[in-house]
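To keep things clear, I will list the structure first and then write my remarks on it.
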Amino acid sequence: MSKIRSVNDFVIKFANVNGSGSASANQMFAKGVFRHGVPVSPKNIFPSNIQGLPTWFEVRVNDKGYLGRKAGVDIAVTMNPQSYNKDIAEVNPGGYVLYDSSWKRNFNRDDINVIELPITSLCIAEFTNPKQRQLFKNLVYVGALSFMLDIPKSIYVKLIKEQFRGKEKLIDPNVKALNIGYNYARKHFKDICNIKVKKANLTKNKILINGNEAAGLGCVFGGATVCAWYPITPSTSLAEGFTKYCNQFRVDPETGKHNFAIVQAEDELASLGMAIGANWNGARAFTATSGPGISLMNEFIGLAYFAEVPVVIFDIQRGGPSTGMPTRTQQSDLISCAYASHGDTKHPMIFPADPKECFEFASMAFDLADRLQTPLFVLSDLDIGMNDWMVPELTMNNSKTFDRGKVLDAQALDSIEKFGRYEDVDGDGIPYRTYPGAHPEKGSYFTRGSSHDAFAAYTEDGVVNAENLARIGKKIDLSPKYLPKAIAKQDRNFSEIGILYFGSTEVAMQESLDLLAKDKKPCDALRIRSFPFGEEIWDFIDAHKTIFVVEQNRDAQLKTLILAEGKTNHKKLKSVLCFDGSPITANFISNSIKKYLGNKKLKKVARK
């Protein structure tokens, strides 16, 4: 029987039962490969119940740096009989299946290599505590994989010690479980697997971190001191990350006073109301939610837009509509966020592509919201938010100063005869504002969600209201000058075919571009990082004959926004849509484009 042979390039998939404690062990396996200097991309695929249903954990190992999800499995660790048939079907011919052979099983495939590891029997023989027997099963197979793949066991021993620092009593039994699997494999599995992990130096100055953790830290560096939130998958860990870093960086070392406020509200609408109130008072505040929360927040989003109170809203997108697939990823909230609330509204959005940009964009978002005096959305997704990604180390300029925008202090107010809260003094659509209490006589105003004039006075004059709406529209239309610019990945030959994409699709895009170039179908690509769109988007569209818009939703929401916002021929735009809840793959993108292009030969395009 053939065996897959590979070094530092494979996909391993763990099939477990939700609530069995497997996720931490599977994550430890990935960290061990990373510590051995080889790039990894772990993906936790879990159900929305607490315990009992099948759960999977994929790890792609690739020394070329291709870390987007890849279909097909080279090694399957099958610990859940409920999903055996599905798990075995995904294994590539010549691949390997490691299972708990305490109960023998015939997998009915003669083109795969079955590795029998009696995990349950080994744990029963060594541990008397039923809970330990269940939990330590996971470390037994990690130990066996350590031997089979040539990953030094010492790496995992060190990881166990780090994980249980402060809980030293747990270290020895966990190391014991690891050794059980390692020693069994050393005795029985010599030369059983031809997939290996060879030490490399490809992870230097890199870290493994998820987007929610990085965004929580970015909020601290961005000056946020208030978080009001309501728990919802997959955004909860962002608020928890912010809490952790506030406890580290926002506690006065002398007095122990907390220089932050974190409130778990009764629902999503209340959480946004609290964040708006805190921002109106001069704090930097935010909320974190997902699609259903955005739906509930619409009334307050409209208030902040029309009253022109800055607020940052993190939307960690998940599968919808309704409750949808709360533990699966999608990019399906673009339209609901871009025009959230009723009436004429449009909101700036920024799209991080990985945890590093989650950190940077989170910090940036508060400056942008303050500068524009409006709600600003940071649209991440479950794949970025809850999975660990390998990214460069996070850095921040500690000398950075915050851009609070057009805020008048008491001295400035003294020089003004009459302060107009909603007056366009500079012609950019952005008025001046004050913090409450800035001046004993001037600058005090009511924030109005009803129609108002330039001085925040209530009015039902339609002309005045129309002028105010036009001014707000003007500042939003001019906002691209402040927002992150799109990033081009153009082929050196300048193809007549262009690709537009955004967010977490980035990790699969470079691989797909290489696949297309290999098949003599080179394409240019542009990653969109914000909305409203900057001129570089329209220039890119004009420069190409055909544009593929790649996105992870059913209704082509990015394409819809492009058509709604620009004068683009709809026949020029072709959609590549993935909405099965799994991260998009490079093969999906390249095969979709190649299918459309067929045998068409691409022409080089002369461009400046």
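Looking at the range 244-256, is at least one residue in contact with a Ser or Thr (Cβ under 6 Å, 6 or more places away or on another chain) and either buried (at least 17 other Cβ atoms within 10 Å of the Cβ) or under 26 Å from TRP389 (Cβ atoms) (or both)?
no
Inspect all residues belonging to the range 385-392 and state whether any of them is more than 26 Å from GLY277 (Cα to Cα), assigned to a loop (DSSP other than H, G, I, E, B) and assigned by TED's automatic domain parsing to the domain that holds PHE306.
Yes, the range 385-392 contains a residue that is more than 26 Å from GLY277 (Cα to Cα), assigned to a loop (DSSP other than H, G, I, E, B) and assigned by TED's automatic domain parsing to the domain that holds PHE306.
Could you count how many residues in the range 414-438 are basic (Lys, Arg) and more than 24 Å from SER479 (Cβ to Cβ)?
So the count comes out to 1.
Can you tell me which residue within the range 14-36, out of those that are surrounded by fewer than 23 Cβ atoms within 10 Å (Cβ to Cβ) and touching a helix residue (DSSP H, G or I) at 6+ places or on another chain (Cβ under 7 Å), is nearest to ASN205 (Cα to Cα)?
ARG35
Can you tell which of GLY277, GLY319 is out of contact with any Pro (no Cβ under 6 Å at 6 or more places or on another chain) and over 15 Å from SER235 (Cα atoms)?
Every option except GLY277 fails the conditions.
For the range 121-136, which residues satisfy the criterion of being of a type outside the set (A, V, I, L, M, F, W, C) and modelled with pLDDT under 95?
Passing the criteria: GLU126, THR128, ASN129, PRO130, LYS131, GLN132, ARG133, GLN134.
Limited to the range 217-266, what total is found for residues that are at pLDDT 95 or above, of a type outside the set (A, V, I, L, M) and either in a strand (DSSP E or B) or at positive phi (or both)?
5
Applying the selection to the range 441-469, what residues are hydrophobic (A, V, I, L, M, F, W, C) and either part of a loop (DSSP other than H, G, I, E, B) or over 34 Å from the mean Cα position of the chain (by Cα) (or both)?
PHE446, ALA454, PHE455, ALA456, ALA457, VAL463, VAL464, ALA466
So, GLY256, is that one assigned by TED's automatic domain parsing to the domain that holds LEU372 and without any contact (Cβ under 8 Å) to a residue 12 or more places away in the chain or not?
Judged against the criteria, GLY256 is a match.
Within the range 395-413, count every residue that is surrounded by 12 or more Cβ atoms within 10 Å (Cβ to Cβ) and either of a type outside the set (D, E, K, R) or farther than 22 Å from GLY473 by Cα (or both).
Going through the range 395-413 one residue at a time, the tally reaches 10.
Condition (residue is surrounded by 17 or more Cβ atoms within 10 Å (Cβ to Cβ) and basic (Lys, Arg)) applied to the range 125-142: is it met by at least one residue?
Within the range 125-142, one or more residues are surrounded by 17 or more Cβ atoms within 10 Å (Cβ to Cβ) and basic (Lys, Arg).
Which number in (1) hydroxyl-bearing (Ser, Thr, Tyr); (2) in contact (Cβ under 8 Å) with a residue 12 or more places away in the chain; (3) farther than 30 Å from CYS246 by Cα marks the one condition that THR203 misses?
(3)
Quickly run through the range 25-71 and pick out the residues that are of a type in the set (Phe, Trp, Tyr), over 24 Å from PHE588 (Cβ atoms) and in contact with a Lys or Arg (Cβ under 9 Å, 6 or more places away or on another chain).
PHE34 - this is the single residue of the range 25-71 that is of a type in the set (Phe, Trp, Tyr), over 24 Å from PHE588 (Cβ atoms) and in contact with a Lys or Arg (Cβ under 9 Å, 6 or more places away or on another chain).
Which residue out of ALA369, ALA362, ALA438, ALA470 is outside the structural domain of ALA239 (by TED's automatic domain parsing) and either at pLDDT 95 or above or more than 27 Å from VAL220 (Cα to Cα) (or both)?
On inspection, the qualifying residue turns out to be ALA470.
Among the candidates LEU515, LEU602, which residue alone is among the aliphatic types (A, V, I, L, M) and over 27 Å from the mean Cα position of the chain (by Cα)?
LEU602
Table: residues versus (1) among the charged types (D, E, K, R); (2) not assigned by TED's automatic domain parsing to the domain that holds PHE540.
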| position | (1), (2) |
| --- | --- |
| ASP477 | yes, yes |
| PHE494 | no, no |
| GLY498 | no, no |
| SER504 | no, no |
| VAL507 | no, no |
| ASP514 | yes, no |
| ALA517 | no, no |
| CYS523 | no, no |
| ARG527 | yes, no |
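Is there a residue in the range 458-465 that is in contact with a Ser or Thr (Cβ under 8 Å, 6 or more places away or on another chain), of a type outside the set (Asp, Glu), surrounded by fewer than 18 Cβ atoms within 10 Å (Cβ to Cβ) and under 15 Å from TYR305 (Cα atoms)?
Looking through the range 458-465, at least one residue is in contact with a Ser or Thr (Cβ under 8 Å, 6 or more places away or on another chain), of a type outside the set (Asp, Glu), surrounded by fewer than 18 Cβ atoms within 10 Å (Cβ to Cβ) and under 15 Å from TYR305 (Cα atoms).
Checking GLY420 against (1) under 24 Å from PHE300 (Cα atoms); (2) surrounded by fewer than 15 Cβ atoms within 10 Å (Cβ to Cβ); (3) over 39 Å from the mean Cα position of the chain (by Cα); (4) of a type outside the set (A, V, I, L, M), which test does it fail?
Status for GLY420: all satisfied but (2).
What is the number of the single condition among (1) closer than 21 Å to ARG404 by Cβ; (2) free of Cβ contacts under 8 Å to residues at least 24 places away in the same chain; (3) surrounded by 15 or more Cβ atoms within 10 Å (Cβ to Cβ) that ILE430 does not meet?
(2)
Has the range 287-301 got any residue that is outside any helix (DSSP H, G or I), surrounded by fewer than 22 Cβ atoms within 10 Å (Cβ to Cβ) and out of contact with any Lys or Arg (no Cβ under 6 Å at 6 or more places or on another chain)?
no
Just to confirm my filter: which helices (runs of 4 or more DSSP H) fall fully inside the range 479-580 and include at least 1 residues that are touching a Cys at 6+ places or on another chain (Cβ under 7 Å) and surrounded by 19 or more Cβ atoms within 10 Å (Cβ to Cβ)?
Fully inside the range 479-580 and qualifying: 506-518.
Condition check: of a type in the set (Lys, Arg) and in a helix (DSSP H, G or I). Does LYS346 satisfy that?
So LYS346 fails the test.
Which residue out of PHE533, PHE548, PHE494 is closer than 20 Å to LYS594 by Cα and touching a helix residue (DSSP H, G or I) at 6+ places or on another chain (Cβ under 9 Å)?
PHE548
Looking for something closer than 23 Å to ILE151 by Cβ, more than 23 Å from the chain's Cα centre (by Cα) and at pLDDT 95 or above - is there at least one such residue anywhere in the range 39-52?
No - not one qualifying residue is present in the range 39-52.
All but one of (1) surrounded by fewer than 22 Cβ atoms within 10 Å (Cβ to Cβ); (2) over 17 Å from SER479 (Cβ atoms); (3) among the hydroxyl-bearing types (Ser, Thr, Tyr) hold for SER380; which doesn't?
(1)
The values are calculated or read from the model by the stated rules, or taken from the named source; none is laboratory data. Owing to the predicted nature of the structure, the values given are computational and were not obtained by experimental measurement. Methodologically, a virtual Cβ is constructed for each residue, glycine included, from the backbone with ideal geometry; neighbour enumeration extends over all protein chains shown.
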